[in-house]
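The values are calculated or read from the model by the stated rules, or taken from the named source; none is laboratory data. None of these values were measured; they are calculated from a predicted model. Here the Cβ positions follow ideal geometry from the backbone for every residue, glycine too, while neighbour counts run over all protein chains shown.
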Amino acid sequence: MQEELAIRVEGICKSYKDTKALQDISLDIRNGEIFGLIGPDGAGKTSLFRILTTLTLPDEGHAEVNGNDVVSDYEAIRRTIGYMPGHFALYQDLSVAENLDFYATVFGTTVEANYDTIKEIYSQIEMFRDRKAKNLSGGMKQKLALCCALVHKPDVLFLDEPTTGVDAVSRKEFWTMLARIKASGVTIFVSTPYMDEAGLCDRIALIHEGKIIDRGTPAEIVSRYPDRLYSVRGDNMFRILNVLRPIDGVLRCSSFGCECHVAVPQDGPDATLLLAALENAGLHGCSVEETEPGIEDCFIRLS
Amino acid sequence: MGQYKKIQDKTLTAMWKYLLKKEFRQFLRDPGMPRMVMMFPFLIILVFPYAANMEVRNIKLAMVDNDRSDQSSLLMEKCASSGYFEVKSVSASPEEAQRMMDDGRIDAILTIDTGFGKYLEGSGPMQDAMPVGIKVNTVNGTRGNIGSQYLNACISGFVMSEKGMDSAPSSQVEIRESYLYNQFMDYKLFMIPALIVIAITMMCGFLPALNIVSEKEKGTIEQINVTPVSKTAFIVCKMVPYIAVAYFMVFSCLLLAKIVFGYGCAGSIFSIIIFTFAHILVMSSFGLLVSNYSENAQQAMFIIWFFSMVFMLMSGIFTPIESMPEWARAITYANPLTYYADAMRGICLKGSTLADTWFDLVCLLGIGGLTTTWAVLSYHKTN
C-alpha cells in the first residue's frame with residue numbers, strides 16, 4: 001500500500017510571521033496519477049509546493065516524496081523530481097539548447113539519453129534551439145521549462161500554476177501534453193487557480209486559506225454537492241443578483257461569467273418562483289434553468 | 001559498487017564542468033562586462049594615477065605689492081619662478097585681489113606691505129613682524145593648506161638668503177631630504193598598487209554578490225536548488241570567472257605599468273599572487289554575505305555602495321591612517337583593504353617579502369575566516 005503512494009503529506013503546517021499559510025494539510029498522491037491542487041491565489045498552493053520540493057521547511061508535520069522525507073532525505077528527493085515553478089525561472093541569457101543541456105548535466109545525464117522523454121514537447125521548440133530563452137514567446141518558454149523539468153526522467157513532476165497567464169488554446173494543448181507525460185508513468189502534482197481544469201485531473205484537492213476543504217475525484221466531489229442549482233441568464237446581472245439574494249431559501253447566488261448560479265436546498269424555491277420574483281422586480285426576458293454543479297460551485301459552497 | 005562510484009564521480013565532474021561553462025558563458029555574453037574588464041587596467045594605469053594625484057601644483061596666486069621696492073619685486077619673482085604657482089595678477093589693489101578670491105579665480109594672495117625693503121635692510125634683529133601677509137582660500141582644504149606652506153617656504157627662503165648673507169653662517173642648518181623607495185616622490189608609483197586593490201575589491205566582492213542576488217530575483221536559484229547541485233558547487237563555480245578576471249587585472253596592470261612608465265614590481269610576483277588570493281577570499285565571502293541579506297539587486301547595490309565608501313576612505317589608500325583620529329584608526333584595523341593595500345605597496349615599491357608582510361597576511365586571512373564562516377552560516381539559514 002505504501003509503495004503506491006508517490007507523495008504522502010501528514011499534518012503539514014507553515015506560517016509566515018502572523019499569517020498561517022498552511023494549516024494541518026494531509027494528502028496522499030498515488031503513483032502515476034495527475035493530482036490537482038485547486039484553489040484561488042493566496043490559498044497556500046505555492047507554500048505546499050515549496051515544502052514538497054525541499055525549498056522550504058515545514059513548521060510541523062512531515063511529508064514524503066517517493067518514500068523520502070522532505071527534511072532529512074532532501075538530497076534523494078532532488079534527484080527524482082522535476083519542478084516547474086509558476087514564474088519562468090530558466091536562464092534567459094542561455095539558448096534553448098544550452099538551458100536543456102545545463103539541466104540534463106546537473107542531473108548527471110544527457111539530453112540524448114533521455115531524448116524520448118522530452119521528444120514530443122522538444123520537437124515543437126527544437127527549431128529555436130539556438131535562440132536565447134529571453135527571446136521566446138510565453139508558450140515556447142513554458143514548453144522549454146517543461147522540457148527542462150523532464151529531461152532527467154523524474155518520477156514525480158511538480159507543476160506550480162503552469163497555466164496561469166497562458167491563453168485558452170495553449171492551456172488545452174498543455175493539458176494534452178500532461179496526459180502524455182502521465183502515460184509515460186510520471187506522477188504529476190499540479191496546482192491551478194482555474195476550476196475548469198479540475199476535471200482534467202484524476203484526483204483533486206480543494207485548498208482554501210491554507211486548509212484542504214475537500215478531496216477526491218472530480219466526479220466524487222461534484223456528486224457530494226447537496227443542493228439544487230439553477231442557472232439564471234439575463235441582461236442586468238447586477239440587478240438579478242440583488243433581486244435573487246434576499247429570496248427565502250436561496251443559499252448562494254454568484255455570477256458565473258454571463259450567467260449566475262443560484263443554489264437552493266432540494267426542497268427550496270423552484271424555477272418558476274425565481275422567474276416570478278425577477279418579473280416582479282421588472283426584469284423581463286430572464287431564463288432560469290436547472291443545471292449540474294461544477295467544481296467551482298462545490299468550491300464556493302465549501303469556502 | 002566501485003563501478004557505480006566511478007560513474008557518479010564522472011557525472012559530478014561533468015556537472016562541475018558545465019556549471020563553470022555556464023558561468024563563463026553568461027559572463028562573456030553580458031553586453032558590458034567583458035569590455036569593462038578590458039578597459040579597467042587601462043584606466044587604472046593611464047588615467048586614474050593622474051586624477052588621484054594629491055600633489056598640489058598650479059596654485060593660482062595674486063600678488064599685491066604695496067612696497068614697490070627692489071626686494072619686494074625680487075620676492076615676487078622668486079615665488080613666480082618656484083613652479084608651484086600660477087601668477088594670475090601682480091600689483092593689483094588689495095580690494096581687487098580679494099574680489100578675485102571671492103570669485104574663486106585665485107587660491108592665494110601674497111601681500112607685501114610698505115616697509116618690506118626696509119625690514120630686510122634693517123640691521124636690527126627680526127623682532128618685529130615681517131610686513132608680509134598671506135591669505136589662502138581653504139574651500140579646498142588640502143589645496144589651501146599646501147599652498148600656504150609653499151608660500152611660507154618661498155618667503156622664508158628668500159628672507160634667509162637676503163639676510164643670511166650678513167648673519168652668522170654657523171646658524172645655518174642645511175636639511176637635505178631623500179625619499180626612500182620612491183625616489184622622485186612619483187605619485188603614480190604610489191597610487192598604482194592602491195588602484196589595483198580597489199579594482200580587485202570591486203571585481204571579487206561586489207560583482208559576484210550582484211550576480212547571486214540577480215539569480216535570486218529571477219528565481220533561477222530556486223530552480224538550481226531543486227537539482228542535485230550542491231550550494232558549494234554553485235557558489236564556487238560562480239566565483240571562478242571573477243577570480244580569473246581579478247588575476248587578469250592584476251597582471252595586466254603590472255605589465256602596463258612596466259611598459260608605459262617603466263615601473264617594475266620590486267617584490268616577487270608570488271607574494272602578490274598570495275595576497276591577491278587572500279583578498280579575494282575576504283571580498284567574495286563578504287559579497288556572499290551581502291547577497292544573503294538582500295532580497296533584490298537594489299538592496300545589494302546600496303549595501304555595497306555603503307561599504308565600498310567605508311572600505312576605500314578608511315584604508316589608508318588616499319589619506320594616511322596615522323593622521324586619522326583614534327576612533328577612525330580603529331575602523332581601519334577592521335578593514336581588509338588596509339592590509340591588502342599596505343602589502344601591495346610594500347611589495348611593489350619596497351620589494352617586501354612574505355616575511356616582512358606576514359602581519360598583513362595574518363590579518364587578511366583572519367578577517368577572511370570570520371566573513372567566510374558568517375557567510376556560510378547565514379547562507380544555510382536563509383536557504
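Restricting the search to the stretch B:285-334, which residues are modelled with pLDDT under 85, exposed (fewer than 12 other Cβ atoms within 10 Å of the Cβ) and either outside any loop (DSSP other than H, G, I, E, B) or of a type in the set (A, V, I, L, M, F, W, C) (or both)?
Scanning the stretch B:285-334 gives B:E322, B:S323.
Could you count how many residues in the stretch B:335-351 are at pLDDT 90 or above, farther than 11 Å from B:P193 by Cβ and not aliphatic (A, V, I, L, M)?
4
In the stretch A:110-138, which residues are without any contact (Cβ under 8 Å) to a residue 40 or more places away in the chain, in contact with a helix residue (DSSP H, G or I) (Cβ under 6 Å, 6 or more places away or on another chain) and closer than 26 Å to B:T11 by Cα?
Passing the criteria: A:T110, A:I118, A:Y122, A:R129.
Considering the stretch A:189-222 alone, what residues qualify as being under 22 Å from A:Y16 (Cα atoms) and more than 11 Å from the chain's Cα centre (by Cα)?
A:H208, A:E209, A:G210, A:K211, A:I212, A:I213
For the stretch A:23-114, list the strands (runs of 3 or more DSSP E) that sit wholly inside it and hold at least 2 residues that are within 14 Å of chain B (Cβ to nearest Cβ) and surrounded by 22 or more Cβ atoms within 10 Å (Cβ to Cβ); which are they? Steps first, answer last, please.
On the way: elements: A:34-38, A:60-65, A:81-84.
Passing ranges, in order: A:81-84.
For the stretch A:247-287, give me each residue that is under 16 Å from A:D235 (Cβ atoms) and in contact with a Gly (Cβ under 8 Å, 6 or more places away or on another chain).
A:L278, A:L283, A:G285, A:C286, A:S287
Which residues, counting only those in the stretch A:128-152, are more than 16 Å from A:M177 (Cβ to Cβ) and surrounded by 16 or more Cβ atoms within 10 Å (Cβ to Cβ)?
Matches in the stretch A:128-152: A:F128, A:K132, A:A133, A:L136, A:H152.
Kindly provide the set of residues from the stretch B:18-30 that are surrounded by fewer than 16 Cβ atoms within 10 Å (Cβ to Cβ) and facing chain A (nearest Cβ under 8 Å), ordered by number.
If the condition is that a residue be surrounded by fewer than 16 Cβ atoms within 10 Å (Cβ to Cβ) and facing chain A (nearest Cβ under 8 Å), then B:R29, B:D30 are the ones that fit.
Name the pairs: first residue in the stretch A:208-236 and without any contact (Cβ under 8 Å) to a residue 40 or more places away in the chain, second residue not small (G, A, S), Cβ to Cβ under 7 Å, at least 6 apart or on different chains?
Pairs found: A:G216/A:R203; A:T217/A:D202; A:T217/A:R203.
Any residue at all in the stretch A:254-265 that is surrounded by fewer than 16 Cβ atoms within 10 Å (Cβ to Cβ), without any contact (Cβ under 8 Å) to a residue 24 or more places away in the chain, assigned to a strand (DSSP E or B) and not hydrophobic (A, V, I, L, M, F, W, C)?
yes
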